[in-house]
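The values are calculated or read from the model by the stated rules, or taken from the named source; none is laboratory data. Since we're looking at a predicted model, the values are computed, not measured. Methodologically, a virtual Cβ is constructed for each residue, glycine included, from the backbone with ideal geometry; neighbour enumeration extends over all protein chains shown.
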Ligand code: NIG
Ligand code: FE
């Protein structure tokens, strides 16, 4: 059955497929593939035709989009949705002057270990519904709040029922029980024992439910050597690597990301010129997470410098109960535009095509013929309104494979 979505004010297809910077160099305009007075035909969940309304073919069903704007569905390539509880008190204390540290993660770990599968799945479903309402059509989610074999593996098994983009993050932080110096002899020995567990029993239990492996490579979490060991073990087990890199401090995580051909280096808050150069000459996407800087009141990453150097940039929510409790991609776009000097067009590209590239997916992030028919309808004259009208959800409908998920 074919469906014609007709009477679209302006449609953005991202169909040129390349990064904004190289396309901007070739032709200043239209790297978003804008078509006005447009229509799109969906068949078998995929884009079958796209163009100006006046040329549209006949279809079995017609849906009138009443002049609204259509964009590819947002691809959220970085989220932590497998958790229980929240950390509102920690947020409040932070806003009154306390600084963010990786240590807060232990609060969520305790709540997550106690939660039943049904509770974890209900929390996930609630956040996925929020994401759909905000125009997100593909999301990645990490484990990382279990930090024991059983909770990491059940978190991923539940996640895998809702997305194919599942990431094993056993190496989020060293859990409390491995910080017992009396038992392990030293802090380092406890951390080594935990790294060993992650690389062996935990990885074995996680692998059937995961596509990716990630490590929080930062001050207070794992150093570069530990991260390399863990990511290499994951790669040997058939998982693909991605990494939390230099959120709190530059400890050399970008060079490791490039060395291991990580699909994405995430956060990228603290970078040297050599880091930027290494990213620009790699296949590794820089995924920026401005919700984390907003919510931890930290310096934003230098998106302008990254884009101008030719790095492929993605934007993602980092939705998690500690450092970025938002499921709104539009909010992240508004921050990227206001705080990181991305143009609204660059921000839209990064939240769609950039996210797809960070997940190494070709079938999403754009609306070319053959792509999965994932799109969001914006009840506004332009996508610029996503940043221009912060805090207002302008998404009137979200479609995944041509089916409405928000009605
Ligand atoms: O991406 N940086 C590490 N992990 C999460 C935060 C986790 C937390 O505070 O619960 C992040 O920001
Ligand atoms: Fe994260």
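The numbered conditions (1) in contact (Cβ under 8 Å) with a residue 24 or more places away in the chain; (2) part of a helix (DSSP H, G or I); (3) surrounded by fewer than 19 Cβ atoms within 10 Å (Cβ to Cβ) are all true for residue 85 except (2). If you filter segment 155-200 down to residues that are surrounded by 15 or more Cβ atoms within 10 Å (Cβ to Cβ) and part of a loop (DSSP other than H, G, I, E, B), you find that the one that is farthest from ligand 2 (Cβ to nearest atom) is 179. Scanning segment 222-232 for residues that are crowded, with 24+ Cβ neighbours inside 10 Å and outside any helix (DSSP H, G or I) yields one hit, 222.
Okay, residues lined up against (1) within 26 Å of residue 359 (Cα to Cα); (2) crowded, with 16+ Cβ neighbours inside 10 Å:
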residue: 76; (1), (2): yes, yes
residue: 81; (1), (2): yes, yes
residue: 89; (1), (2): no, no
residue: 95; (1), (2): no, no
residue: 99; (1), (2): no, no
residue: 102; (1), (2): yes, yes
residue: 105; (1), (2): yes, yes
residue: 111; (1), (2): no, yes
residue: 116; (1), (2): no, no
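Does residue 39 satisfy the criteria of being more than 16 Å from ligand 2 (Cβ to nearest atom), not assigned by TED's automatic domain parsing to the domain that holds residue 241 and not in a loop (DSSP other than H, G, I, E, B)? Yes: the conditions hold for residue 39.
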